[in-house]
């Protein structure tokens, strides 16, 4: 894709709460610097003005939950040199992916007076289930500093330099004593991707997995540790069925717990 002048940045929203887009707006002073380096061609959360594609970089928030969205994301992919998904909804289907484990028509009938007017898919799925994705930035919401690194990397056509270890490493780096070992508090840190700065353990509570699965996951070993800490596997199952319930590793871990009772 040929460039003329500044590279074009587009921000797209599908089914989500807008929290990850707000993380970009929260960059404040850094956002001014970004605006100096790129042409913000489309960002409805910030401005109604829009410039037609193609785009050098598209940031996509939200999951795919309707037939129209499934078609729209294919159009976005065709217009984008690079496509980066941001947040748990875009990378794993989000909290709305809890529908994937239940009867969606029953939900619709219970909520809407005229269910026949509702057009929806039976699942809430990640963007990568529909189109090729160049990079996934996890979190609910995402880490704004990581977002700035991703934007800078793609502007300069390099791979983002982001860690891929678990929250446990972040705990060690900030000197936080392990809440599971010292306080017998159940924690998803060993299964969860870093990025939050291990905020929850630092304040004396267990991680609840908002950054999705880490690179390597041993859910069975963690379930045993939860039981040793006084929690049940049912409690761990409930925590896995949260923001990232449809992430493959979390989904598989929850299903394993189901099978083992």
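No value in this document is a laboratory result; all are computed from the given coordinates. Fair warning: this is a prediction, and the values are worked out from it, not measured in the lab. Cβ coordinates were reconstructed from backbone atoms using ideal geometry, including for glycine residues, and neighbour counts include every protein chain displayed.
Determine, for 48, 23, the number of other Cβ atoms within 10 Å of each Cβ, and report the residues in order from fewest to most.
Listed from fewest to most nearby Cβ atoms, that is 48, 23.
How would 125, 58, 252, 63 line up from fewest to most surrounding beta-carbon atoms within 10 angstrom?
Sorted ascending by nearby Cβ count, the order is 252, 125, 58, 63.
Over its Cα atoms, what ratio of radius of gyration to 2.2 N^0.38 Å does the chain give?
1.08
Taking the 0 to 90 degree range and rounding to the nearest ten, how far is the long axis of helix 67-79 tilted relative to the main principal axis of the chain, both from C-alpha atoms?
In the chain, helix 67-79 runs at an angle near 60 degrees to the longest axis.
Relative to the present Cα-Cα distance, how much length would full extension add between residue 33 and residue 117 at 0.36 nm per residue of separation?
25.8 nm
Could you let me know the centre-to-centre spacing of the range 99-124 and the range 3-31, using Cα atoms, in angstrom?
Distance between centres, Cα-based: 31 Å.
Quick check on packing: order 80-93, 224-237 by the mean number of other C-beta atoms within 10 Å, highest mean leading.
Packing proxy ranking, top to bottom: 80-93, 224-237.
Computed over the Cα atoms of the range 71-221, what is the convex hull's projected area averaged over all directions, in nm²?
11.8 nm²
Any number yet on Rg/Rh for the range 167-259, C-alpha, Kirkwood?
My calculation of the ratio gives 0.93.
Pairs of Cα atoms under 8 Å, at least six residues apart: use those to get the relative contact order of the range 19-118, whole percent.
Reported as a whole number, the value is 22 percent.
Determine, for each peptide in 101-112, 168-179, the mean count of other beta carbons within 10 angstrom over its residues, then list the peptides with the highest first. Don't jump to the answer; show the numbers that get you there.
Values: 101-112: 11.7, 168-179: 16.4.
Packing proxy ranking, top to bottom: 168-179, 101-112.
Quick one: pull the percentage of alpha-carbon pairs in the range 1-73 with a separation above 19 Å. Let's see the in-between values first.
Numbers: 999 of 2628 pairs.
Considering the range 1-73, 38 percent of its Cα-Cα pairs are separated by more than 19 Å.
From Cα pairs below 8 angstrom and at least 6 apart in sequence, can you work out the relative contact order of the chain, rounded to a whole percent?
Result for the chain is 17 percent.
Give me the angle, in degrees from 0 to 90, between the Cα long axis of helix 248-259 and the longest principal axis of the Cα atoms of the chain, rounded to the nearest 10.
30 degrees
Calculate the all-directions average of the projected area of the range 8-155's alpha-carbon convex hull, and give it in nm².
Values: hull surface 35.6 nm².
If you wrap the Cα atoms of the range 8-155 in a convex hull and average its projections, you get 8.9 nm².
Scattering from the C-alpha atoms of the range 210-261 alone, worked out with Debye: what is log10 I(q)/I(0) at q = 0.13, 0.22, 0.26, 0.31 1/Å?
-0.26, -0.76, -1.05, -1.34
Using the alpha-carbon atoms, what tilt in degrees (0 to 90, nearest 10) does helix 219-228 show relative to the longest principal axis of the chain?
40 degrees
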